[in-house]
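Chemist: Structure incoming, see below.
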Amino acid sequence: MFGLNPGDRVLAVAPHPDDETLGAGGTIARLTTAGIAVHVLAVACLTQPRWGTPTDSRLRHEEFDAACDVLGVSGRRIAWSDTTQAGDLAGHLAELVHLIEAGPELSLAALEPAALLIPAAGAVHQDHQVVHQAAYASARPSGALRHWPPMVLGFHGPEDHAWSRELPRPTVWVDVTSTAAVKDKALECYARELRDSDHPRSLERIRAIDSATRAACGAERAEAFVTYRMVC
């Protein structure tokens, strides 16, 4: 898959715990099923009121672990939980670039991954825009001075598909029919973060997005990615 081999490593960077599953859950499950080690770095989560119900960072960590287990993820980490950085990603952009580039445990320097999955440009949420900028910068080629991934792909979340006016065209499509049930099960781990069926962040709408994406590759369900780098 993607020309990767069993034992290769992939790093997926998510703005928050759940974005990895919303945007690329089926693809992550296909990779891990193929014996490729996927690691997920979720940047931030906060305990704060939202949608009329307070969120709880402790529960977000539990949800994240459960979803990663379902997807077969190897390493996983939430970098900033209830910290100053978590509440103001834009104000800590340089620190975020360093975190993805050379942070402890899950970073380009620590893992030397063959592929990097990041939020794509054009996201409707500000935090996602900032994480895209930071991840894109961290993956810049730099000769032999440090590791840079030969493959960089961007994923979009369901709200991006529904509300963004600036989505770049996808150039890679992944048939996730065989892992759609795994993705759905992982999404159910984030039940507190999902919404009613009339909202893009509902299980029904996410399935509909995957079903609509299938037209590009003739699959029952598919996920689309923007190519930022593909070195063969």
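The values are calculated or read from the model by the stated rules, or taken from the named source; none is laboratory data. Being a predicted model, the structure only gives us computed values, none of them experimental. Cβ atoms come from the backbone with ideal geometry, glycine included; neighbour counts cover every protein chain shown. These area figures cover heavy atoms from the full protein model, side chains too; ligands, DNA and RNA do not enter into them. Shrake-Rupley method; radii C 1.70, N 1.55, O 1.52, S 1.80 Å.
Chemist: Enumerate the pairs (first residue in segment 179-204 and more than 17 Å from HIS61 (Cβ to Cβ); second residue anywhere and open to solvent by 80 Å² or more (accessible area, probe 1.4 Å) and in a loop (DSSP other than H, G, I, E, B)) with beta-carbon separation below 7 Å, excluding pairs fewer than 6 apart on the same chain, so at least 6 apart or on different chains.
Modeler: ARG201/ARG195; SER202/ARG195; SER202/ASP196
Chemist: Also, quick follow-up: With respect to HIS128, determine if the residue is modelled with pLDDT of 95 or more, open to solvent by 10 Å² or more (accessible area, probe 1.4 Å) and either over 23 Å from LEU59 (Cα atoms) or outside any strand (DSSP E or B) (or both).
Modeler: Answer is yes for this residue.
Chemist: Here's another thing I want to ask about it. From the list ARG201, ARG140, exactly one residue is among the basic types (Lys, Arg) and more than 27 Å from GLY103 (Cα to Cα). Which is it?
Modeler: Testing whether each residue is among the basic types (Lys, Arg) and more than 27 Å from GLY103 (Cα to Cα) leaves just ARG201.
Chemist: Quick one: in segment 198-227, of everything that is open to solvent by 70 Å² or more (accessible area, probe 1.4 Å) and assigned to a loop (DSSP other than H, G, I, E, B), which residue is nearest to ASP18 (Cα to Cα)?
Modeler: So the residue we want is ASP198.
Chemist: Also: Does any residue in segment 1-20 that is more than 21 Å from THR55 (Cβ to Cβ) and in contact (Cβ under 8 Å) with a residue 12 or more places away in the chain come within less than 6 Å, Cβ to Cβ, of a residue that is part of a strand (DSSP E or B) and open to solvent by 10 Å² or more (accessible area, probe 1.4 Å) six or more places away or on a different chain, and which pairs are these?
Modeler: ARG9/ALA37; LEU11/HIS39
Chemist: Exactly one of these conditions fails for MET151: (1) open to solvent by less than 40 Å² (accessible area, probe 1.4 Å); (2) more than 16 Å from the chain's Cα centre (by Cα); (3) more than 19 Å from ASP19 (Cβ to Cβ). Give me its number.
Modeler: (2) is the only condition that MET151 fails.
Chemist: Right, something else. Do you know which of the residues in segment 4-41 that are in contact with a Ser or Thr (Cβ under 8 Å, 6 or more places away or on another chain) and aliphatic (A, V, I, L, M) is surrounded by the most Cβ atoms within 10 Å (Cβ to Cβ)?
Modeler: ILE28
Chemist: Using beta carbons and a limit of 9 Å, which pairs, at least six apart or on different chains, have the first residue in segment 79-101 and in contact (Cβ under 8 Å) with a residue 12 or more places away in the chain and in a strand (DSSP E or B) and the second one buried (at least 20 other Cβ atoms within 10 Å of the Cβ) and among the small types (Gly, Ala, Ser)?
Modeler: These pairs meet every condition: ALA79/ALA42; ALA79/ALA44; ALA79/ALA86; TRP80/ALA44; TRP80/ALA86; SER81/ALA44.
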